[in-house]
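The values are calculated or read from the model by the stated rules, or taken from the named source; none is laboratory data. Please read these numbers as outputs of a predicted model, since none were measured by experiment. No Cβ is skipped: glycine too gets one built from the backbone with ideal geometry, and neighbour counts run over all protein chains shown. These accessible areas exclude ligands, DNA and RNA; they are computed on the full protein's heavy atoms, side chains included. Shrake-Rupley method; radii C 1.70, N 1.55, O 1.52, S 1.80 Å.
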Amino acid sequence: MSLTPPTPPTTGQRGRRLRRPIPSPNPKRISFTRLRTALRHRKSATHHSPAPAPAGPAPTAPFNGDDAAPGYRLHSSRPAGAAPGAPVFVLVHGLGMSHRYFAGLQAQLDALGETHVLDLPGFGGTPTPGRALSVQDYADVVAKAMDAAQLSSCTLIGHSMGAQFVTELAVRRPDLAAQVVLIGPVTDPTRASAFTHTLSLGLDTLLERPITTLLAAGAYARCGLRWYFTELPVMLAYRLDQRLPLVVRPVLIIRGTLDPIARRDWCARLAGAARRGRLVEIPGQAHAAHRAGAAAVSAAIIRTVEGRLPAPAGSTALSSGLASTRRVTTVQYPGRPRTQSAHIPGQISLTAGERQVRANLVQHRPDSPTAAKAKTDGPAVPVFVLIHGIGMSHRYLNRLGDQLSAHGRVVLLDLPGAGWTRTPTATMPNAAKAELIGDLLDEMGATSCVVIGHSMGVQSATELALQRPDLVSQVVLIGAAVDARRRTVPEQALTLAVNNALERPVLNTIQFTDMLRCGPRWYFAELAVAMEYPLEERLPMVEQPVLLMRGAHDLVAGSAWSRALADSAVDGDLVEVEHAFHGVHHSAAGAVAERILSFLADTADRLDEPEAA
């Protein structure tokens, strides 16, 4: 099926009909631990060096067909619409740690350009390799991750054992490095025994902030002692002092003055061994100088970068002005052919001031058993954008997304204040949410999407269709809220309470945990916005084909209300699913997905028909 943007309808409404209720099949249970288990099923692929990175940042590719090295995650952040030539920082953690160890430094560097932080194999929840990895192996992983992201001439920043990885990378792939920053580099060959290192690490624990110690302990626990002690001899045996002189790029060595692991004499020897080396010490900091001393460390890095970048006429120094407050953040997961239905979504988020929207991306799974039922006539693969209601998150739509991923690409959104996105201080009208969603889809390079909203998410879906017809080809509204006849908080609270008592326990569990994350302040702020939205007035302005869906026993989106909405739409249909309540997308995900696909086929055929004169 080839999906094309709809043409404007002729005067008058097209014929619409109430579909007969669809029996609800016994839905397949979906494991909610898929993100953990699927990381163990990685995809093998041949990797080729990409073309040189473009001068400006290209739109983030939400569905990259090229898999990078197995077992890593790449967390990327860049200013939306960054100017060409903005600095790019790649941060690499050390033994046992994860990307979270760089949170403070990344926040500082975010103001200047792009940042990319890795979770290396065996760390931060990534799969543990079946054999010990050498420093050269880790350097290859970083190189393949950078190639996949089309990065080159970056500032490579490594902490502790990560300093070994970026050094080896700069030796093997100088095209990827503009300069190299080593924070608390290891290991001094005169102190390269496991006993000495353990004593130094224990002393360092007493000097760090408690929050840093807790973060490190959690990272070690997630890594596991077996993998830690497998890689410890690799770290102790690597001769950084012999490899560093082979680096042709400028090298900045940073250490805290209290660091008992990377001592001053060792770091001074490294700075002297480098072809263009410099040592900077951060007063009062221990081994994790980049955490408590993030501002001072970033200032030292900025001075190095400023010395390398020519300033255009009329521009100011990097440190004197901030980049755009709108940032795009991505998380990329490699994978391998799955032996089960589990899949790993990557993530892309857009932050504008205090407002953040996140897209959880699910790859198209044409090899799924249910994909054989798809009736597609052309090479176009639909993109489904799913929008949750207030208090919920993308998890609420996981089951429907899993069904739709067999027939196209799926974008599961977390709206501002939902899931783990940041909660704004001011309320957001639906028009503002739609604008933010549209900007995120633009960054992803998406066009002509099938937008699916549930409950009060139908309001954002409707606004998106009105604001951005170039992005929306068809609209699906499931359990549309809020009924104009019951538009008060007490009535909605009572209706939802009764409906939830009739839903499946697993769905109520998801609702409960999502609402805890959302919090009462933001929930009631969003509820007030939803109560004021005139869906019955806005929906008739939507020119795209619209499918209204509800469970036959839905107490929130009643039959009369849903039928009235379908009748008011320019091109509207209504479908009811038997034996289902407000959470029909979860309890009858297969039936809902099947009806959505039928709707796409029907509307594509109608849109291809010539209009009557």
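I'd like to compare 215-221, 401-407: which one has the highest average count of other Cβ atoms within 10 Å, and what's the full order after that?
In descending order of packing, they fall as 401-407, 215-221.
Compute the projected area of the convex hull of the Cα atoms of segment 502-613, averaged over all viewing directions, and report it in nm² to one decimal place.
8.8 nm²
Which percent of the accessible heavy-atom area of segment 94-205 goes to carbon and sulfur, probe 1.4 angstrom?
Looking at segment 94-205 in its full context, I get 53 percent from C and S.
Sort Thr329, Thr427 by heavy-atom solvent-accessible area, probe 1.4 angstrom, most to least.
Ranking Thr329, Thr427 by accessible area, largest first, yields Thr427, Thr329.
Can you run phi through the Karplus equation (6.51, -1.76, 1.60; θ = phi - 60°) for segment 162-173 and list ³J(HN,Hα) in whole Hz, with x for Gly and Pro?
Per residue, the Karplus-derived 3J(HN,Hα) values read x, 5, 5, 5, 6, 5, 4, 5, 5, 6, 7, 9 Hz.
Between Val570 and residues 5 or more places away or on another chain, which pairs have amide H atoms under 5 Å apart, with H built 1.01 Å from N, and which residues are they?
Counting only residues 5 or more places away or on other chains, the set is Val542.
For the peptides 485-493, 287-295, what is the packing order when you average, over each peptide's residues, the other Cβ atoms within 10 Å and list the highest mean first?
Top to bottom by mean Cβ count within 10 Å: 287-295, 485-493.
From the backbone phi of segment 85-96, what are the Karplus-calculated ³J(HN,Hα) couplings (6.51 cos²θ - 1.76 cosθ + 1.60, θ = phi - 60°) in whole Hz, Gly and Pro given as x?
Calculated HN-Hα couplings, in order: x, 5, x, 10, 10, 10, 10, 10, 7, x, 4, x Hz.
Could you rank Asp265, Asp110 by how accessible they are, 1.4 Å probe, largest area first?
Asp265, Asp110
So who's got an amide H within less than 5 Å of the one on Gln356, skipping anything under 5 residues away but keeping other chains? H placed 1.01 Å off N, in plane.
Gly417, Arg422
Amide H to amide H under 5 Å from Leu413: which residues, 5+ apart in sequence or cross-chain, H placed 1.01 Å off N in plane?
Asn360, Leu386, His388
May I ask you to compute the full-extension gain from Arg276 to Thr513, defined as 0.36 nm times their residue separation minus their alpha-carbon distance, rounded to one decimal in nm?
80.0 nm
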